[in-house]
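K.L.:
Sharing a structure, written as structure tokens. Questions coming.
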Amino acid sequence: MEFVHKSVLLNETIESLNIKPDGVYIDGTAGGAGHSKEIAKRLKSGRLIALDRDPDAVKTATERLSGLPATVVHSNYSAMDEIMSELSINAVDGVLLDLGVSSWQLDNGERGFSYHKDAPLDMRMSKAGTTAADLVNTLSVQELTDILRDYGEEKFAYKIANNIVRARENAPIETTLQLAEIISNSVPAKAKRDGHPARKTFQALRIAVNSEFSDEEKGIRAAFELLKPGGRLSVITFHSLEDRLVKHLFASFCEGCTCPPDLPVCVCGKKPRAKLVFRKPVCPSQDELNDNPRSRSAKLRSIEKIF
């Protein structure tokens, strides 16, 4: 199956990075190399380092970036500081992170991300480690409830978790449609009018399987520290929990004096280390929404490092 993925907010993202022809850039989530290729095409004496944890994406990006000033590395973006050290790169001019699951991963049924196609219950972006099937067949009701509530904001988390545990007593839950049916039978009919009842549970399990939130925080902090003064970090998110974390981290980088307001002068000496490129997140245009409905929840945030 060909690796097909439409790059979301492509023009807006490239503009946000303010690319210099001699700059060094990181695309921490190369995927189908859509963003990566547009970055690399704008470089002359500069260099792009494209990372991805998915071996299929690495293969595709290597092919599509051939002949361009780009190096593709099989790695989780949360380890970008280690990768840059190995490549003897101390600082960069820009970093891009396009978070979440790719269209190709969703559409490739055998990867187990989709509740529309029957496949092994996998969901591993890296194709290594613990699968979603491992979680649903081993975790307790409380552990599953916590995952569904915290990562999926699922109102019916306990009932779904309880029914998962009851169902696996008869036979292991091994496929996506097995799980989707259990979820569908666990929520009231009126809840199904707001979209597929399995959406939030599948999102939650995917986040847990891939340690997405811990990787996100670690990766964003590493990216910011790698930036040169004037360098930019741009992050695309696809759901509220991701965006909330990015917003919080960006705010911490942009925060200045933390002295109590009643002090006449600043004594903490804290100065903002970054400034926002956009006051509000950038969302897809109507034209993009018409062309790619999956972009509807995308948000782009970008900051520029001061020091």
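K.L.:
All but one of (1) closer than 30 Å to G23 by Cβ; (2) at pLDDT 95 or above; (3) in contact with a strand residue (DSSP E or B) (Cβ under 8 Å, 6 or more places away or on another chain); (4) not basic (K, R) hold for M125, so report the exception by its number.
P.N.:
Just one mismatch for M125, condition (3).
K.L.:
Same structure again: Suppose we keep only residues that are polar (S, T, N, Q) and in contact (Cβ under 8 Å) with a residue 60 or more places away in the chain within the stretch 129-142. Which one would you say is nearest to L177 (Cα to Cα)?
P.N.:
T131
K.L.:
Can you tell me how many residues in the stretch 288-307 are surrounded by 13 or more Cβ atoms within 10 Å (Cβ to Cβ) and more than 23 Å from the chain's Cα centre (by Cα)?
P.N.:
Total satisfying the criteria: 1.
K.L.:
Hey, another quick one. Check the stretch 144-152 and report whether any residue there is out of contact with any Gly (no Cβ under 9 Å at 6 or more places or on another chain), in a helix (DSSP H, G or I) and either at pLDDT below 95 or acidic (D, E) (or both).
P.N.:
Among the residues of the stretch 144-152, at least one is out of contact with any Gly (no Cβ under 9 Å at 6 or more places or on another chain), in a helix (DSSP H, G or I) and either at pLDDT below 95 or acidic (D, E) (or both), which makes the answer yes.
K.L.:
If you don't mind, there's one more thing I want to ask. For the subset of the stretch 34-58 comprising residues that are farther than 10 Å from L96 by Cβ and among the β-branched types (V, I, T), which member is most open to solvent (accessible area, probe 1.4 Å)?
P.N.:
V58
K.L.:
Just give me the residues in the stretch 101-116 being in contact with a strand residue (DSSP E or B) (Cβ under 8 Å, 6 or more places away or on another chain) and buried (at least 19 other Cβ atoms within 10 Å of the Cβ), in sequence order.
P.N.:
Correct list: G112 only.
K.L.:
Further, regarding this structure: Tally up the residues in the stretch 251-284 that are among the polar types (S, T, N, Q) and either within 19 Å of L96 (Cβ to Cβ) or outside any loop (DSSP other than H, G, I, E, B) (or both), please.
P.N.:
Total satisfying the criteria: 1.
K.L.:
Of everything in the stretch 102-124, what is farther than 16 Å from T176 by Cα and in a loop (DSSP other than H, G, I, E, B)? Give them in sequence order.
P.N.:
Matches in the stretch 102-124: S102 only.
K.L.:
Looking at (1) more than 12 Å from the chain's Cα centre (by Cα); (2) free of Cβ contacts under 8 Å to residues at least 40 places away in the same chain, which is the only condition F224 fails?
P.N.:
(2)
K.L.:
Residue check: is A171 among the small types (G, A, S) and either in a helix (DSSP H, G or I) or within 17 Å of G152 (Cβ to Cβ) (or both)?
P.N.:
It is false that A171 is among the small types (G, A, S) and either in a helix (DSSP H, G or I) or within 17 Å of G152 (Cβ to Cβ) (or both).
K.L.:
If you go through the stretch 249-287, how many residues are more than 18 Å from R232 (Cα to Cα), touching an Asp or Glu at 6+ places or on another chain (Cβ under 9 Å) and open to solvent by less than 50 Å² (accessible area, probe 1.4 Å)?
P.N.:
1
K.L.:
Got a number for residues in the stretch 157-195 being open to solvent by less than 70 Å² (accessible area, probe 1.4 Å) and either within 22 Å of E242 (Cβ to Cβ) or β-branched (V, I, T) (or both)?
P.N.:
Residues in the stretch 157-195 being open to solvent by less than 70 Å² (accessible area, probe 1.4 Å) and either within 22 Å of E242 (Cβ to Cβ) or β-branched (V, I, T) (or both): 11 in total.
K.L.:
Could you count how many residues in the stretch 196-209 are under 30 Å from K275 (Cα atoms) and surrounded by fewer than 22 Cβ atoms within 10 Å (Cβ to Cβ)?
P.N.:
0
K.L.:
Just the residues that are open to solvent by 50 Å² or more (accessible area, probe 1.4 Å) and either among the aliphatic types (A, V, I, L, M) or without any contact (Cβ under 8 Å) to a residue 24 or more places away in the chain (or both), please, taken from the stretch 117-128.
P.N.:
Within the stretch 117-128, just A128 meets the criteria.
K.L.:
Okay, next question. Looking at (1) in contact (Cβ under 8 Å) with a residue 40 or more places away in the chain; (2) crowded, with 24+ Cβ neighbours inside 10 Å; (3) touching a Phe, Trp or Tyr at 6+ places or on another chain (Cβ under 6 Å); (4) of a type outside the set (F, W, Y), which one does G31 not meet, given that it meets all the others?
P.N.:
Among (1) in contact (Cβ under 8 Å) with a residue 40 or more places away in the chain; (2) crowded, with 24+ Cβ neighbours inside 10 Å; (3) touching a Phe, Trp or Tyr at 6+ places or on another chain (Cβ under 6 Å); (4) of a type outside the set (F, W, Y), G31 violates only (3).
K.L.:
Right, another one. So I173 fits all but one of (1) aliphatic (A, V, I, L, M); (2) touching a residue at least 40 places away in the same chain (Cβ under 8 Å); (3) in contact with a Pro (Cβ under 8 Å, 6 or more places away or on another chain); what number is the exception?
P.N.:
(3)
K.L.:
Condition first: within 21 Å of I236 (Cβ to Cβ) and hydrophobic (A, V, I, L, M, F, W, C). Now tell me which residues in the stretch 64-83 satisfy that.
P.N.:
L65, A70, V72, V73, A79, M80, I83
The values are calculated or read from the model by the stated rules, or taken from the named source; none is laboratory data. The structure presented is a predicted model; accordingly, all values stated were derived computationally and were not measured. Counting neighbours? That spans all protein chains shown, and the Cβs are built from the backbone with ideal geometry, glycine included. Accessible surface is based on the protein model in full, side chains and every heavy atom, while ligands, DNA and RNA are left aside. Shrake-Rupley method; radii C 1.70, N 1.55, O 1.52, S 1.80 Å.
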